[in-house]
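Asks: Would you mind keeping the following structure in view while I ask a few things?
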Amino acid sequence: MSLCHLDGNDLPLAEARLSPLDRGFLFGDGAYEVIPAYSRRPFRLAEHLARLENTLEALRLPNPHPAAAWAEIIARVIAGNPWEDQSVYLQVTRGADRVRRHAFPVPTRPTVFLMSEPLPLPGQTQLDNGVSAVSAADYRWLRCDLKTVALLANCLLRQQAVEAGCAETLLFRDGFLTEGAASNIFAVRAGVLLAPPRNALLLPGITRDLILELAASHGMPHEVRAISETEVRTADELWMTSSTKEVLPIVTLDGQPIGDGRPGELARRMHGWYRDFRDAETRRG
Ligand code: PDD
């Protein structure tokens, strides 16, 4: 039985109860984070908490905890669960009102919920073979930089990939790559790593930012710029990145091979740097 945290209490997940008037349930009115923990140590915690703060500020939801208190709650949730490597889920909603209405409750009492699951990292076979992706028009709202729990469009778009036997759906808006349904996307062309710029149309991924830092510190040529759909389809490599997938090569898009249809050399290198960095920060011994 896994341990969770709900509004100040640590309790078994199966015993957690919420009001059906909670605005997370009624309106998708809330923020969330997914924080990976390796050897029970949260990775890039400060960056995740800073992004949470940004989302909460944009949603006009006061942050219920300072960073130190978040770190304590996260540490308790990790300690209360059996896995060495975990994916910690954290959610803050605008709480429950007495009636269903769009306007904010006064006063607002946010609901704070955390749980943890085993970290579902890609296996060696997936890393060695890469994964397939499909593409779709990005019809999400215009604040995709916010990590809100209102993920219906992302769920519908990811389901398209699942039903096509693929791992991810790449999203294009006005002829340019934004991101994946639940990941950021990188392209490699002529030895240069390309990432779309941070803007309101995609999530500023914690993994994405670390990959750009690692590219800079290891001298891998890289460029942050808009990437056209044609450039994506004719790339030498495509990667999907996220806190739970790390760096995963995409080898076909809509049934067409990317590059030679095998995971590329730059992906292999970056994955190694990513794991070395992660292990140096988190693994014991
Ligand atoms: N999703 N873009 C979207 C739309 C995402 O949902 C995610 C992550 C990312 C990658 O962000 P990060 O590197 O910070 O994990 C990009 C998480 C894992 C999820 O919703 O489960």
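The values are calculated or read from the model by the stated rules, or taken from the named source; none is laboratory data. In this text, all values refer to a predicted model and were calculated from it rather than measured experimentally. As a convention, Cβ positions derive from the backbone with ideal geometry for all residues, glycine included, and neighbour counts pool all protein chains shown. Ligands, DNA and RNA are stripped out before the accessible areas are found, and what is left, the full protein with its side chains, is counted by its heavy atoms. Shrake-Rupley method; radii C 1.70, N 1.55, O 1.52, S 1.80 Å.
Asks: Considering only the stretch 49-56, I want to know if a residue exists there that is open to solvent by 40 Å² or more (accessible area, probe 1.4 Å), without any contact (Cβ under 8 Å) to a residue 60 or more places away in the chain and in contact with a helix residue (DSSP H, G or I) (Cβ under 9 Å, 6 or more places away or on another chain).
Replies: yes
Asks: So which residues in the stretch 7-36 are in a strand (DSSP E or B), within 16 Å of the ligand (Cβ to nearest atom) and not aliphatic (A, V, I, L, M), if there are any at all?
Replies: 30, 32, 33, 36
Asks: Which is open to solvent by 20 Å² or more (accessible area, probe 1.4 Å) and in a loop (DSSP other than H, G, I, E, B), of 104, 113?
Replies: On the way: 113 fails: in a loop (DSSP other than H, G, I, E, B).
Going through 104, 113 in turn, just one is open to solvent by 20 Å² or more (accessible area, probe 1.4 Å) and in a loop (DSSP other than H, G, I, E, B): 104.
Asks: Turning to a different aspect of this structure: Could you go through the stretch 219-226 and let me know if any residue there is open to solvent by 40 Å² or more (accessible area, probe 1.4 Å), assigned to a helix (DSSP H, G or I) and farther than 21 Å from residue 172 by Cβ.
Replies: The answer is no, given that none of the residues of the stretch 219-226 is open to solvent by 40 Å² or more (accessible area, probe 1.4 Å), assigned to a helix (DSSP H, G or I) and farther than 21 Å from residue 172 by Cβ.
Asks: Kindly indicate whether residue 234 is outside the structural domain of residue 33 (by TED's automatic domain parsing), crowded, with 23+ Cβ neighbours inside 10 Å and hydroxyl-bearing (Ser, Thr, Tyr).
Replies: No.
Asks: Here is a follow-up. Give the residues of the stretch 250-281 that are away from the ligand (no atom under 16 Å from the Cβ) and either at positive phi or in a strand (DSSP E or B) (or both), sorted by residue number.
Replies: The answer is 251, 252, 253, 254, 255, 256, 257, 259, 261.
Asks: Additional query: Looking at the stretch 195-212, which of the residues that are of a type outside the set (Gly, Ala, Ser) and free of Cβ contacts under 8 Å to residues at least 40 places away in the same chain is farthest from the ligand (Cβ to nearest atom)?
Replies: 197
Asks: Still on this model: Give the residue that is nearest to the ligand (Cβ to nearest atom), with candidates limited to residues of the stretch 57-110 that are aromatic (Phe, Trp, Tyr) and closer than 27 Å to residue 121 by Cα.
Replies: Filtering the stretch 57-110 for residues that are aromatic (Phe, Trp, Tyr) and closer than 27 Å to residue 121 by Cα, the one nearest to the ligand (Cβ to nearest atom) comes out as 89.
Asks: Kindly indicate which of 204, 122, 197 is exposed (fewer than 13 other Cβ atoms within 10 Å of the Cβ) and either assigned by TED's automatic domain parsing to the domain that holds residue 111 or at pLDDT 95 or above (or both). So that I can check it myself, show each step before the final result.
Replies: Details: 204 fails: exposed (fewer than 13 other Cβ atoms within 10 Å of the Cβ); 122 fails: exposed (fewer than 13 other Cβ atoms within 10 Å of the Cβ).
That would be 197, the only listed residue that is exposed (fewer than 13 other Cβ atoms within 10 Å of the Cβ) and either assigned by TED's automatic domain parsing to the domain that holds residue 111 or at pLDDT 95 or above (or both).
Asks: Could you check how many residues of the stretch 178-194 are within 12 Å of the ligand (Cβ to nearest atom) and either among the basic types (Lys, Arg) or not in a loop (DSSP other than H, G, I, E, B) (or both)?
Replies: Total meeting the criteria: 6.
Asks: Scan (1) touching a residue at least 60 places away in the same chain (Cβ under 8 Å); (2) touching a Pro at 6+ places or on another chain (Cβ under 9 Å); (3) open to solvent by less than 60 Å² (accessible area, probe 1.4 Å) for the single condition residue 215 breaks and write down its number.
Replies: So the condition that residue 215 fails would be (1).
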